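Throughout, read-outs are computed from the coordinates displayed, never taken from laboratory work. Bear in mind the structure is a predicted one, so any value in this text is a computation, not a measurement. Cβ placement follows ideal geometry from the backbone for every residue including glycine, while neighbour counts extend to all protein chains displayed.
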Amino acid sequence: MAKEVMIVVGAGQILLAIARRMGYGKQILLGDKSEGNAKAIGKVLEEAGFDVTTTVMDLSDRASIQAMVKKATSMGPVKYLVNGAGVSPSQASIETILKVDLYGTAVLLEEVGKVIEEGGAGIVISSQSGFRMKQLTPEEDRQLALTPTEELLDLPLLAEENIETTLQAYQLAKRCNEKRVMGESVKWGTRGAWLNDIAPGIIVTPLALDEFNGIRGDFYKNMFAKSPAGRPGTADEVADVAELLMSDRAQFITGATFLVDGGATASYYYGPLQPGLATGMAEGRSNDRL
């Protein structure tokens, strides 16, 4: 009997931590736009005893997503999905952020939702940034959740002329991820599977370490000091939450978003990180996905 398949989209530290936690005894199909990144993470997993196949895939392209899903089904029953691919406000244009983080994630959930096995589970890694924007109307949230994927980028809410910065585009994309998880979880439920979202705060990764020592380092130190946890998180702490949500213990948890940010969002709204109180908040927020 073929082993269960776990699709992992994005070759980064958080995805590596989740794959190590949940991938033993499964076939892991690891996709990334960068062949080098995919092979590097795949090598780490293989050398730790995991069964890994790597593939090049572009999250902004439906055909590329479909090809990855087809490859996954040829390997065995698709039981798990973890998506952490995306670009940040400092890495890409408004157009690219919307195409990759927003549209691509929506397509991925749709395509995997067509083949996910009973008892399967999916995780989307979004960001605390989706909580740091003005409230949308109930109708706008509904549009993000339910608009057909090929019509999403035609929504007035997502028109480039209505988006001022890459940060705003990123926040909209992450809000859409959260709402899309809610909408798609209903469809996944008809197949006996569940789907949830994790919204991390600042997690220690190689990119984050560069930021800590860069021009925005003081902002991050201020953020850590004024958050309840008093520090950044680790990829394994995100994996702790994913481990629950991908297990049979989570069968009654679906369509939900879990903040894993050390309380930074709580402090942003109700504590010392409130923008009116925190010096440098506006300058630093553009990289709060880390």
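Label-to-label distance, T73 versus S90, with points set 7 angstrom from Cα along the beta-carbon direction: 4.1 nm. For the pair E150 and T165, the difference between a 0.36 nm per residue extended length and the Cα-Cα distance amounts to 3.1 nm. Annotation: for a label point projected 7 angstrom from Cα along Cα→Cβ of D248, residues of the range 95-136 with backbone N closer than 17 Å are 117-122. Computed about the Cα centre, the dipole magnitude for the range 179-262 is approximately 320 debye when only Lys and Arg (+1) and Asp and Glu (-1) carry charge, each at its Cβ.
Ellipsoid fit via the Cα gyration tensor, the range 175-215: semi-axes of 34, 10, 6 Å, each the root of five times an eigenvalue, largest first. Using a Gaussian network model of the chain in which every pair of alpha carbons under 10 angstrom is joined by a spring, one finds that among L153, L136, L108 the greatest mean-square fluctuation is at L136. Given K39/K134; K33/K179; K39/K226; K70/K134, which pairs have Cα atoms separated by over 31 Å? K39/K134; K39/K226; K70/K134, as the Cα separations exceed 31 Å there. At q = 0.12, 0.14, 0.16 Å⁻¹ the log10 of I(q)/I(0) for the range 1-154 amounts to -0.51, -0.69, -0.89, computed by Debye summation with a single uniform scatterer per C-alpha, solvent ignored.
Size descriptors for the chain (Cα atoms only): Rg and Dmax, in that order, 18.2, 59 Å.
Here is the list for the range 131-173: GluC sites (Glu not before Pro) lying in DSSP coil, each with at most 14 other C-beta atoms within 10 angstrom of its C-beta, are E164. Shown here: the range 71-162, whose C-alpha atoms stretch 44, 30, 23 Å along the first, second and third principal axes, sorted largest to smallest. The slack in the chain from R21 to K134, taken as 0.36 nm per residue of separation less the alpha-carbon distance, amounts to 37.1 nm. Once the Kirkwood radius over Cα pairs is known for the range 1-85, the Stokes-Einstein relation at 20 °C and 1.002 mPa s delivers a diffusion coefficient of 173 µm²/s.
Taken about its Cα centre, the range 1-113 carries a charge dipole of roughly 280 debye when the Cβ of each Lys and Arg holds +1 and the Cβ of each Asp and Glu holds -1.
Given the C-alpha centroids of the range 160-221 and the range 112-137, what is the distance between them in whole angstrom? Value for the Cα centre distance between the two parts: 9 Å.
Once Rg and the Kirkwood radius are both taken over the C-alpha atoms of the range 122-181, their ratio Rg/Rh works out to 0.93. Magnitude of the charge dipole for the range 84-232, about its Cα centre and with charges confined to Cβ atoms of Lys, Arg (+1) and Asp, Glu (-1), is about 680 debye. With R₀ set to 35 Å, the beta-carbon distance separating E118 from R142 gives a calculated FRET efficiency near 0.80.
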